[in-house]
Amino acid sequence: MSTSSIPFQPPCATVREVGLRDGLQSIATVVSTARKLEWIRAAHAAGQREIEVGSFVPARLLPQLADTAEVLAHAKTLPGLVASVLVPNTKGAERALEHGADLMIVPLSASHAHSLANLHKTPDEVVAEVARIRALRDASGSRTLIEGGVGTAFGCTLQGEVAESEVLRLMQALLDAGADRVSLADTVGYADPASVARLFAKARGLVGDRLACAHFHDTRGMGLANVYAAWETGITRFDACLAGIGGCPHAPGASGNVTTEDLVFMLERMGVATGTDVTALLALRQRVAGWLAGETLHGTLWRAGLPQNAAPAVLRETATA
């Protein structure tokens, strides 16, 4: 068969929606369970297949996420949806396993100051916790994946500089302790494209495809540029929040995750298939904005709208070839 007769397959990327956890945890408005379920159904209908639905933390600490078990149960009824939750310790992991989460994300901060403020543990104590979570998972016979999320990987408002060598050490330590994969996060928006390219290249050289995701904030306007820099190193999974909400309550200035609809639009225009309908995302954003009246929302696509010539770059090139 001639290679010219083989249909072209564009490169693919996954955008994991984290608005229901990272987004909602830092805002005052409490979103009802019914609306969270509506959000998940609409996101799934728009084509999103990975959603972080909540966190198993004490309700007194994050009342916004007290209904995570119910939200997770609903997410698991939707075909093809990978439902993840954040778990800070073995108690949270026990609940995640009990309720059948597909993925547990265990947060670790490479900044010692932020780690103590956010988790009341040193980074190496979190690594030890991951080993206990892995033993718990294996003993249960569950197939739930464990992802070690290395936050403040590019710097920290509380500590300042975070050495790349420390980030790489902790990332490898998480894998050695039993995490199935790891991710890197710019928790406070300190990253720039050059530092992203450098750190992600080193990290992928160390652990390969076990570096499975990138998490950026748009605090200083470089979120999408940083995504592109990580994409250039081979990363194909990115966290994002609808309407760009979110931020860690224990990291001053950590406002605004990369906006889901803007990120999907950028990737699709680049010819990178995400499987997501941008128009449907914009409609969902409008609905969520109504639920979050008075909250600060972010993003730019919703203001300008889709351009008339909105076909992916690869399709435009094919049409003119």
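The values are calculated or read from the model by the stated rules, or taken from the named source; none is laboratory data. Small disclaimer: the values here were computed from a predicted structure and weren't measured. As a convention, Cβ positions derive from the backbone with ideal geometry for all residues, glycine included, and neighbour counts pool all protein chains shown.
Values computed for the structure shown
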item: Any hit, region 40-48, residues being modelled with pLDDT of 95 or more, out of contact with any Gly (no Cβ under 8 Å at 6 or more places or on another chain), closer than 30 Å to residue 161 by Cβ and buried (at least 21 other Cβ atoms within 10 Å of the Cβ); result: no
item: Residues that are touching a strand residue (DSSP E or B) at 6+ places or on another chain (Cβ under 7 Å) and part of a helix (DSSP H, G or I), drawn from region 100-118; result: 113, 114, 115, 118
item: Those residues of region 119-139 which are assigned to a loop (DSSP other than H, G, I, E, B) and either surrounded by 15 or more Cβ atoms within 10 Å (Cβ to Cβ) or of a type in the set (Phe, Trp, Tyr) (or both), in sequence order; result: 121
item: Which numbered condition residue 24 misses (of (1) touching a strand residue (DSSP E or B) at 6+ places or on another chain (Cβ under 8 Å); (2) within 22 Å of residue 276 (Cβ to Cβ); (3) hydrophobic (A, V, I, L, M, F, W, C); (4) in a helix (DSSP H, G or I)); result: (1)
item: The listed residue being assigned to a loop (DSSP other than H, G, I, E, B) and touching a strand residue (DSSP E or B) at 6+ places or on another chain (Cβ under 9 Å), out of 30, 57; result: 57
item: Failed criterion for residue 14 (all others in (1) closer than 20 Å to residue 283 by Cβ; (2) touching a strand residue (DSSP E or B) at 6+ places or on another chain (Cβ under 7 Å); (3) surrounded by fewer than 20 Cβ atoms within 10 Å (Cβ to Cβ) hold); result: (1)
item: Residue list for region 233-260, restricted to those being surrounded by fewer than 24 Cβ atoms within 10 Å (Cβ to Cβ), more than 25 Å from residue 282 (Cα to Cα) and at pLDDT below 95; result: 249, 250, 252, 253
item: Neighbours by Cβ (under 8 Å, 6+ apart or cross-chain): first from region 277-305, part of a loop (DSSP other than H, G, I, E, B) and of a type in the set (Asp, Glu); second surrounded by 13 or more Cβ atoms within 10 Å (Cβ to Cβ) and at pLDDT below 95; result: 295/27; 295/245
item: Test: residue in region 140-153 that is assigned to a helix (DSSP H, G or I), charged (D, E, K, R), surrounded by fewer than 24 Cβ atoms within 10 Å (Cβ to Cβ) and over 18 Å from the mean Cα position of the chain (by Cα); result: no
